[in-house]
Each structure stands twice: as structure tokens, then as C-alpha cells.
Amino acid sequence: MTDTAPTRPFELYDATLRDGMQGEGMSLSADEKLRVATKLDELGVHLIEAGFPASNPKEQELFGLLAGETWTNAQIAAFGMTRRRDVRAEDDPALRILADCFCAVTTIVGKTWGLHLEKVVRVDREENLRLIADSVAFLRGEGKRVIYDAEHFFDAWRDDEAYALRCLRAAVEAGADTLTLCDTNGSSLPLQVHDAVARVVAELGAHARVAIHAHDDAGCGVANSLLAVQAGATQVQGTTNGIGERTGNANLTTITADLELKMGIRSLPDGGLARLTETSLFVDELLNRTPRASQPYVGRNAFAHKGGLHIAGIRNDARTFEHVDPEAVGNSREVLVSELAGKGTVVEKAAAAGVEVDDAQAARIIERVKELEHRGYHFEAADASFELLMRRETGAYEPLFTLESWRVIVEQRAGGQVETEATIKIWIGDERFVRTAEGNGPVHALDGALRAAIAQVHPHLADIELADFRVRILDSTKGTDAVTRVIIDATDGRETWGSIGVSGNVIAASWEALVDSLARSEQPGRRGVAAGGAAAGA
């Protein structure tokens, strides 16, 4: 395998705003797209593909917003396609829009694969070459940097190498600055990509930049992109977190870290890589997606350690079980608590929570964790409940209240409306509190009643928000008699913590998790730290 070192400055090309939006459920307003573009510019990507300027009113609004911004690191690329057949390039309305757009960079896609020429656009091979050349030449003549995306390139390469090269050569001779080799169907394997890119670089690399645009249908999007770089590509296209149609695009988040930390190719400005996790989470948040915990580099579990031997190893030298420093990509190390944990894990978790634990207490806590996880608890996702467990075992726990009783009434009326009412009776010191609240679900009602009862004594709890509520049936074979696990995520606006409840009754499990989510904030050393909203919906 002969590799060609990059001879041009390396470029990252983010297509989240266009290609990424083709994924199921992906939708952003023009204002939200502007926020993503701003975040990508702060990260340091070189090119941001915004879409076709006039494909719909939202895109028109977006390009108006983008034109009014000042960009520090990125250039905005407008996207389109080669001219229609039987229409001159200068008369093609779509190409004219690209020419008149404020963007100095235009990306146009054209056909390369004979199958598409026969079945989709229905033009012969010579006419297709003219479509490519005319479109590139027109935009180049309008002063644009032209990136030519050779659609289905690798399928075309396997079908007819000579014609695939002729398509690229037509674009180069007409003035294309960059040739993007697209694995549009995501069908290619890494060595196939490497060998094809190496040939293109050898044939045309002296005249144009070679880029890779991979999809992940065969699970090789990242690998294909990296092998293309090894073969001489100097631009990688992809999307943040790999979002996109079908199984997604090549994950540019992973690729960016791999390039710098594994291949020694700097693709971001100084300090940029440390913003990778922040940027990944920002995009998921705007898209209302749950971040993938197992995502390389930026996922919550990317540097999470559970086994006792692993934890002991990273305590001595993090290199024993971590391939890179979490802080290099803006992430952090996480020590998970489970039945596999050792005393060192407990001691470390206790220290972080401000709880003093001796060896005997640590051993007792481990045994208690094993017992509870056998019953269905899952402390990896419930750090608040684990902290309270440690406090109970060491005598450092201060209860919010003493429960007398709680009751939930769910009523469906004839018109289909469902109403929920909760009543709680608790003691705080020598004072008895009885409160009732309505909600749009039992947990919402219980939360409202509990907050009303304790607001005078623990006013800060009124501002803690319940951010997520998850229910899992632990033994579905038992049907409605199965044990239920409930996990609640709560936030004070600065950090998020999880709590857990397990019971054969889903409301009882929810109550347990709810109380732990609030009790954590009122423990010694944590009082008064809160900012947020109100619970809802569960």
C-alpha cells in the first residue's frame, strides 16, 4: 500500500446543516441552523455546507442570516447541482442562484456512475461530461471556488474506472478546486476507498485537492475517511455526530479527534479540539437528541471505568486503560459504580461527594451495592442515589422529611380527559405537612405536592428541574406484575445527577427516585445550590 502525504493545508468540511438534516427526525429552524454554524465556526472547521440558497423559504431565511455574520474560521459553502440538460449553465436558474449568492465557495454535485446516467438522469456519458464541465466553468467564471462532488464515485469506480476518472478530469479542466469522492451509498470498504483515492491523487492530485465524503451504511464511514486521508485526501466531509440519511454520514466528530490524536494531522486551531465534546452536545441538544453515551471521544461513557482492575490501573497511570487524555477532547473521566467495583471506587466517589469513608465502611457499601443491583438497581446511571447510599452507610445522611403517607388518584372522565391528583403527608421535625397537587401524570403530581410541603424549610428545592424520566421493565415475562426501574435525571442548571427507584409498583419506584433526586441537594456541603425550573410530565 503506497500512501501519499497531504501537500495542501488540511480542511474539515461540515455538512450537518444540509446532508445531516436528511436524517429521520432531523429538523432545525433557520435561527437554530445559524447557532450551529456559529458553534462550528468557534470549533474551527474550515467549511460549513449550508444548503441550497433558494430551495425553500427556510433556506432563504438562513442564507440571509448567514450573510450578516462575521466568520472567524469557517467559510460558508452553498450547495447545488450541475446544470439541467438542454439548458445553458448561465441560463440555469439554480446555478444563477449559486452565482449570485454571497458565498465564495460553491459545492455542486454531478453524476459519475453509469447506472444513474441510464436510470435517473437519462443522459449519455458524453453529455454528462458536458454538464459537469459547463457548470464548473460557469461558477468559476463568476469568481467562485468550486468544489465538485462526484456522486456515487466509488460505485462508478468499481463499474468503470476510466469513465469515473474522465468525470473528475472534466471538472478539473473546467476549473474545479476540489474533487470530492463520494461514497453516496456507503457501500465501500476501507481498502477499496484507499486504493481508489490513491489512484485519483496520483492522476489529478497535482491539479486539484482531493476530498472524501463517506456514508456509514456498511459501518465504515470513519474508517473510509481516515484511509482516504492516508491515501492523500486533504479534505474530509462529514457531519457532527454522524447524523444523516439512513445510517448517517461519516462522523466528523470522531474523525477530527482521530486525525489529530492518532494521525498527527492538525485540523483545528489551537484549543479547538478541547471544544469537541461541548460542540457535540450542543448540536444534539438543539436537535432534541439524546447524546449517544458510547460515542467515541465525546460520549459520556467514552472514558468511563467500571471494573475494579481498570479503576486501579487508571489511578496509577491513566494510560493503562485510556487511549487518550479525556481533557484533550473536552471530556472527563467517569468512575462507574456497580457490583464489579472495588473499595478504591467507593473511596474515590466518597471523596468527590465530601463523604469520609474508612475501609470497613467501603466494604459494607460494596456489599450493599451488590445486594441492591441483584434486586434491579443500577447505580451507574444514578450517582445521586449512590451518594445517598454512602451517606446512609456512614451516618452522614440527613433526611429531608419523615414520610407518613402518600396517595395518587388517577381519574379518566367520559370525554377522555385524564386527571391526576397526589396527596402527601410528611413530618419535618415536629411539624406535620399535608399537601395536595394536581399534575399531568402521577410523578408530576407527587413532585408538586412534595415541593409544596417542603418549600418553606428547603426553599432551594423549588428551583431544581427534573430533566428526564425513564422507566424500564426488568422482567417482561411477568407482564404487569414485573419489577419496574425508574431513573430520574435532575439539574440545577450547572450539573445533572441521576437517581433511581425500583419496585413492583411504578409509582412507588418513581417516588423513591423523586425523593433521592431532591434529597441529594440538601445534604451537608450541597445546600443552597440550585437554579432551574419545575418538574413536569412524568
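Remark: the range 451-459, residue by residue, has Karplus-estimated 3J(HN,Hα) of 4, 5, 6, 9, 4, 5, 7, 10, x Hz, where x stands for each Gly or Pro and the curve is 6.51 cos²θ - 1.76 cosθ + 1.60 at θ = phi - 60°.
For the peptides 287-297, 266-276, the ranking by mean Cβ contacts within 10 Å, running from highest to lowest, is 266-276, 287-297.
Dividing the C-alpha radius of gyration of the range 170-216 by 2.2 N^0.38 Å, with N its residue count, gives 1.17. Averaging over all projection directions, the Cα-based convex hull of the chain occupies 30.8 nm² in the image plane.
Which value, in debye to the nearest 20, describes the size of the charge dipole of the chain about its Cα centre when Lys and Arg Cβ atoms bear +1, Asp and Glu Cβ atoms bear -1, and nothing else is charged? Don't jump to the answer; show the numbers that get you there.
Values: 57 positive and 81 negative charges, 47 e Å.
Dipole magnitude for the chain comes out near 220 debye.
For Asp124, the shell of other residues with beta-carbons less than 11 Å away shows a net charge of +1, using +1 for Lys and Arg and -1 for Asp and Glu. Computed from Cα positions, the angle between helix 383-394 and the longest principal axis of the chain comes to roughly 30 degrees. For the range 109-231, a simple Cβ point-charge model (Lys and Arg +1, Asp and Glu -1, everything else neutral) yields a dipole of about 300 debye relative to the Cα centre.
Within the chain, DSSP assigns beta bridges of which about 50% are antiparallel (rounded to the nearest 5).
Sorting the Cα pairs of the range 11-269 by distance into bins of 5 Å, from 0 upward, gives 1, 7, 14, 18, 20, 19, 13, 6, 2, 0 percent per bin.
Put a plus charge on the Cβ of each Lys and Arg, a minus charge on the Cβ of each Asp and Glu, and nothing anywhere else: the dipole of the range 402-522 about its Cα centre is then about 260 debye.
Around the amide H of Arg83, modelled in the peptide plane, lie the amide H atoms of Ser135, all under 5 Å away and 5 or more residues distant in sequence or on another chain.
Principal-axis analysis of the Cα atoms of the chain puts helix 221-230 at an angle of about 50° to the longest axis.
Could you grab the Rg to Rh ratio for the range 1-77? Cα atoms only, Kirkwood for Rh.
Here Rg/Rh amounts to 1.07.
Computed from backbone phi with θ = phi - 60° and the Karplus coefficients 6.51, -1.76 and 1.60, the 3J(HN,Hα) list for the range 510-518 is 5, 4, 4, 5, 4, 5, 4, 5, 8 Hz; x is used for glycine and proline. Once the Kirkwood radius over Cα pairs is known for the range 144-233, the Stokes-Einstein relation at 37 °C and 0.692 mPa s delivers a diffusion coefficient of 261 µm²/s. Normalised by the number of residues in the range 11-269, the mean separation of alpha-carbon contacts (under 8 Å, six or more apart) gives a relative contact order of 19 percent.
P(r) tail for the range 395-506, what percent of Cα pairs lie past 23 Å? Numbers along the way, then the final one.
Numbers: 2489 of 6216 pairs.
Roughly 40 percent, once rounded to a whole number.
Throughout, read-outs are computed from the coordinates displayed, never taken from laboratory work. None of these values were measured; they are calculated from a predicted model. All Cβ positions, glycine included, derive from the backbone under ideal geometry; neighbour counts span all protein chains shown.
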